[in-house]
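Engineer: Take a look at the following structure, please.
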Amino acid sequence: MPAEIKTHYRACNLCEAICGLEIKTQGDQVLSIKGDKKDPLSRGYICPKGTAMEDIYTDPDRLKRPVKRQGDSWVEISWEQAYAEIADKLVSVQEQHGQNAVAFYAGNPNVHNYGSMTHASVLRKAVQSKIHFSATSLDQLPHHLTSYSLYGHQSLIPVPDIDHTNYMLIIGGNPLASNGSIMTSPDIPKRLKGIQQRGGRFIVIDPRRTETAEIADQHLFIRPGTDAWLLMAMLNTLFAEDLINTGHLTDLLVGTDEVRSACAAFSPELAEQRTGVGAEQIRQLARDMASTEGAVCYGRMGVSVQVYGTLCQWAIQMINILTNSLDVRGGMMASSPAFGFIKPGESGAGHFAAFHSRVSGLPEFAGELPVTVMAEEMLTEGEGQIRGLITTAGNPVLSAPNGNYMDQALAGLDFMVCIDIYINETTQHADIILPPTSALEHDHYDLAFHRLAVHNTARFNEAVFEPAEGTRHDWEIFNELGLAVAARKGMEVKPLPSPDKLIDRGIQRGPYSAAAGHELELTLDKIKQHPHGLDIGPLQPSLPERLCTSDGKIRLMADYIVEDLARLGDEKQETDKDELLLIGRRHIRSNNSWMHNSHRLVKGKPRWQLLMHPDDMAAHQLQDQSQVRIRSRVGEVQTQVLASDEVMPGVVSLPHGWGHKRQGVALNIAAEQGGVSCNDLTDDKLVDRASGNSALNGVPVKVFAVHA
Ligand SMILES: Nc1nc2c(c(=O)[nH]1)N[C@H]1C(S)=C(S)[C@@H](COP(=O)(O)OP(=O)(O)OC[C@H]3O[C@@H](n4cnc5c(=O)[nH]c(N)nc54)[C@H](O)[C@@H]3O)O[C@H]1N2
Ligand SMILES: Nc1nc2c(c(=O)[nH]1)N[C@H]1C(S)=C(S)[C@@H](COP(=O)(O)OP(=O)(O)OC[C@H]3O[C@@H](n4cnc5c(=O)[nH]c(N)nc54)[C@H](O)[C@@H]3O)O[C@H]1N2
Ligand code: SF4
Ligand SMILES: [Mo]
């Protein structure tokens, strides 16, 4: 008799949109994956990656047992042997070279996996190293630093109230490809169209005419890395034209006059020279922000991950604050999640520059050093050199700047262990790989992204499939390896109960709990009764009560902003006519570096080529679709160029996460794909100096024809 057909509901955890899925299964087969129409947040929306959840589950290249390197090959070993050997090697490295000779790198999928978020601390406690890196410093670090210094907590990050806004300025974000970032907003095409349907507008500022720009009311090209000029000129206009309105926040603000004098020198005319956006246009953006009720200025990767990332994110907050767009309907508001609700006294607020990296002296933030120094900390000899590494769900060889240098650094380590499902560009350097179960095999509650959602909901889903026999979830690996390391050191570390129990505790202390006197009296059990997700309602103004600063005020200026403004003002304008500025690109069918082993996602025409403006191609005597060499300070790659007027003259675009032909990679479908790694060009010395975040956009390169 064929197995029974079952219907499961499960949120997708591949990107920040957290779409509800309806999954039909029979036995251990997936029959279909569709959007869950009853999910109050995603409303039935799904993107092509959602259906590829099946491919991760069935991927023959996915590891299910620990593997140990033996020369150029891998042998399966038992969990017990793996834990014992890892504990022994890690502790030996520490005994020989000190506690901090073992470092951690945590990649992006950790924040999409609640068990990793709740349990990584067990292993950290046992290892006792203070050297931590994560994908945060390739990404949203400027947002954390800005929220930490303005609002007193790194996670009190306001998000656009996209469902009620009447004017949205999107700078350096492409939500039609990314499905929204630091703005969990599934069904983004409809949400953006909704702005237009209520008579509002949205504007995109981007060096590329992106999918989002195509449907926007207006698109403005901007020279990469120059946004700070535009944003400062908008602030300048707000003061010059007397457009400041600080609404209900007025009494909380400290330092408005300092902001006024800081932007005095940044006129729209200067900004025009730097950015290529007309001065009058810039003034109009400022006037529209000020005159529209329910307006929001929002910036993402393009402005966060560039040389002025922190300054840009700070200026964006200033624009919202000074146009009465913060903490108001239709503006930017903090979400109110059932778990992880930030209020005064909440732990994890962050700290900044408590110590600095050994070689380049970049500051820590919240206990993490910038990834951009990870390789040099491994390759530079001396006390404090990193000699052992634990990676969890990360692929820095393809994700971090100067990938070849990273590759070299990992190859030289004394010991490396990876918690990962694949043997890829990074994990191939491991001595032992510990593979966790795949997403469909464990339960799920999104800890990170309800916190950044444009509408408050809560959703818990049971596992779709029983985990394969003898496998472990990420959280179990953290518990078990943590205990093994502690035992080897003769210390005691307690394992944590399963993640569902931990979040139930958090929910029962949260804003909708009986303890808080809320009528919902939420518990995890109550949330479980809503498998499509529980609707808790739209975003609400809440900031004055939730500010986590010591005096309950918002201090607008910070020293690092003053320093960065001086750096901006002193900056020379580039004059090398041969130089082009490299930017990234995301595509709806790709996800960072690790979804290229799904046939259904990679099929069709290739998407990894270099895009270049036809005028630049003519100036460089290049033919469309020909092979080109791209050279930067740190490296050179060869790939195919496509002529495209999507990118502005002077700019070239190459997506990251490709280039799977590196030796040792065991990803069969991915390795058949063309393309090179964009991060073999990006420069580990090009950083946002305020935060230490990498500058992966706006990298100077030269492009040459390849002659047969
Ligand atoms: N399909 C898909 N979705 C994803 C991901 C993915 O890989 N694929 N990754 C996920 C992750 S980890 C993240 S962080 C988010 C990112 O989400 P987004 O930030 O929305 O995505 P990007 O496509 O990187 O958008 C950055 C935009 O900035 C532009 N840009 C580059 N340089 C500059 C500049 O100097 N100034 C300005 N104004 N713009 C610039 C680029 O052209 C690009 O359009 O996406 C998430 N979602
Ligand atoms: N040039 C350039 N570089 C970029 C970017 C860019 O826009 N341009 N974007 C940056 C951004 S925003 C980000 S977030 C980073 C991402 O950088 P990383 O996080 O380092 O890289 P990912 O490609 O997300 O790799 C994820 C890894 O996790 C594994 N994995 C997937 N699911 C699980 C799981 O459930 N458990 C475990 N243990 N492992 C799992 C995968 O096999 C893969 O090895 O890349 C950054 N790099
Ligand atoms: S947009 Fe796609 S990848 Fe992102 S959560 Fe939704 S279905 Fe998953
Ligand atoms: Mo990211």
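Engineer: Based on DSSP H runs of at least 4 residues, each adding -39500 (n - 2.57), what is the mean residue ellipticity at 222 nm of the chain after dividing by all its residues, to the nearest 500 deg cm²/dmol?
Structural biologist: About -8500 deg cm²/dmol.
Engineer: Which of the lysines could be linked to Lys343 by a straight reach, that is with a Cα gap under 23 Å, when you skip same-chain ones fewer than 8 residues away?
Structural biologist: Lys501, Lys553
Engineer: Right, next: Give the residue from Pro467, Gln638, Gly350 lying farthest towards the positive end of the charge dipole for the chain; charges sit on Cβ (+1 for Lys and Arg, -1 for Asp and Glu) and the dipole is referred to the Cα centre.
Structural biologist: Pro467
Engineer: Related question: Which distance in Å, rounded to a whole number, links the C-alpha centroids of region 1-57 and region 173-248?
Structural biologist: Taking the Cα centre of region 173-248 as reference, the centre of region 1-57 is 32 Å away.
Engineer: Separation between the Asp645 and Ala411 pseudo-spin-labels, each 7 Å from Cα along Cα→Cβ, expressed in nm?
Structural biologist: 4.5
Engineer: Of Cys12, Cys47, how do they rank once you tally other Cβ atoms within 10 Å and put the fewest first?
Structural biologist: Ascending Cβ contact count within 10 Å gives the list Cys47, Cys12.
Engineer: Sticking with this structure for a sec: Which residues among region 571-607 fall inside the zone where the amide N is under 11 Å from a point 7 Å beyond the Cα of Asn668, along Cα→Cβ?
Structural biologist: Within reach of a label on Asn668: no residues.
Engineer: In a shell of Cβ-Cβ distance under 13 Å around Thr523, excluding Thr523 itself, what net charge do Lys and Arg (+1) and Asp and Glu (-1) give?
Structural biologist: +1
Engineer: Find how many whole Å separate the alpha carbon centroid of region 501-528 from the alpha carbon centroid of region 272-316.
Structural biologist: Result: 39 Å between the Cα centres.
Engineer: Here is a follow-up. Identify the trypsin sites (Lys or Arg not before Pro) of region 321-401 meeting these criteria: DSSP loop state and at most 16 other C-beta atoms within 10 Å of the C-beta.
Structural biologist: Of the trypsin sites (Lys or Arg not before Pro), the ones in loops of region 321-401 whose Cβ has at most 16 other Cβ atoms within 10 Å are Arg329.
Engineer: Turning to a different aspect of this structure: With a ≥ b ≥ c the root eigenvalues of the C-alpha gyration tensor of the chain, is it rounded (a/c under 1.5), prolate (a/b larger than b/c) or oblate?
Structural biologist: Judged from the Cα gyration tensor, the chain comes out rounded (a/c under 1.5).
Engineer: Mind checking which aspartates and glutamates have their Cα closer than 15 Å to the Cα of Lys494? Skip sequence neighbours fewer than 8 apart in that chain.
Structural biologist: Answer for Lys494, where 15 Å is the Cα cut-off: Glu476, Glu480, listed by chain and number.
Engineer: Follow-up. Could you name the aspartates and glutamates whose alpha carbon sits less than 15 Å from that of Lys24, not counting residues in the same chain fewer than 8 places away?
Structural biologist: Glu4, Asp36, Glu54, Asp55, Glu441, Glu462, Glu466
Engineer: So for region 341-412, what are the equivalent ellipsoid semi-axes in whole Å, largest first, each being the square root of 5 times an eigenvalue of the Cα gyration tensor?
Structural biologist: Numbers: eigenvalues 142, 49, 21 Å².
Semi-axes, largest first: 27, 16, 10 Å.
Engineer: In the chain, which longest range has no GluC sites (Glu not before Pro) that are both DSSP loop (not H, G, I, E or B) and surrounded by at most 16 other Cβ atoms within 10 Å? Could you put the intermediate results ahead of the total?
Structural biologist: Values: sites that count: Glu4, Glu241, Glu293, Glu346, Glu381, Glu383, Glu462, Glu469, Glu492, Glu519, Glu521, Glu571, Glu574, Glu579.
With a cap of 16 other Cβ atoms within 10 Å, the longest stretch comes to 5-240.
Engineer: So, one more: With a sphere of radius 9 Å drawn around the Cβ of Phe465, what net charge do the other residues whose Cβ falls strictly inside it have (Lys, Arg +1; Asp, Glu -1)?
Structural biologist: Charge balance in the 9 Å sphere: -3.
Engineer: Related question: In which sequence would Trp79, Trp594, Trp608 go, from the one with the fewest C-beta neighbours within 10 Å to the one with the most?
Structural biologist: So the residues, fewest neighbours to most, are Trp79, Trp608, Trp594.
Engineer: Same structure again: Please express the shape of region 158-333 as an equivalent ellipsoid: the semi-axes are the square roots of 5 times the eigenvalues of the C-alpha gyration tensor, given largest first in whole angstrom.
Structural biologist: So the three semi-axes of region 158-333 are 23, 19, 14 Å.
Engineer: What is the packing order of peptides 186-192, 317-323, taking the mean over residues of other C-beta atoms within 10 Å and listing the highest first?
Structural biologist: My ranking of the peptides, most packed first, is 317-323, 186-192.
Engineer: Under the classification rounded if a/c is under 1.5, otherwise prolate if a/b is larger than b/c and oblate if not, where does region 5-58 fall, given a ≥ b ≥ c as square roots of the Cα gyration tensor eigenvalues?
Structural biologist: In terms of gyration-tensor shape, oblate.
Engineer: Turning to a different aspect of this structure: Compute the Cα gyration tensor for region 119-197, then decide on rounded, prolate or oblate, letting a ≥ b ≥ c be the square roots of its eigenvalues: rounded whenever a/c is under 1.5, prolate when a/b is larger than b/c in the other cases, and oblate in all that remain.
Structural biologist: prolate
Engineer: Can you give the relative contact order of the chain as a percent, counting alpha carbon pairs under 8 Å and 6+ residues apart? List each step's numbers first, then the result.
Structural biologist: On the way: 1648 pairs, mean separation 138.6, N = 708.
Over the chain, the number comes to 20 percent.
Quick note: the coordinates plus some simple rules give every number you see, no bench work behind them. Computed from a prediction, not measured in an experiment: that's the story for all the values here. Quick reminder, even Gly has a Cβ in these numbers, built from the backbone with ideal geometry, and neighbours come from all protein chains shown.
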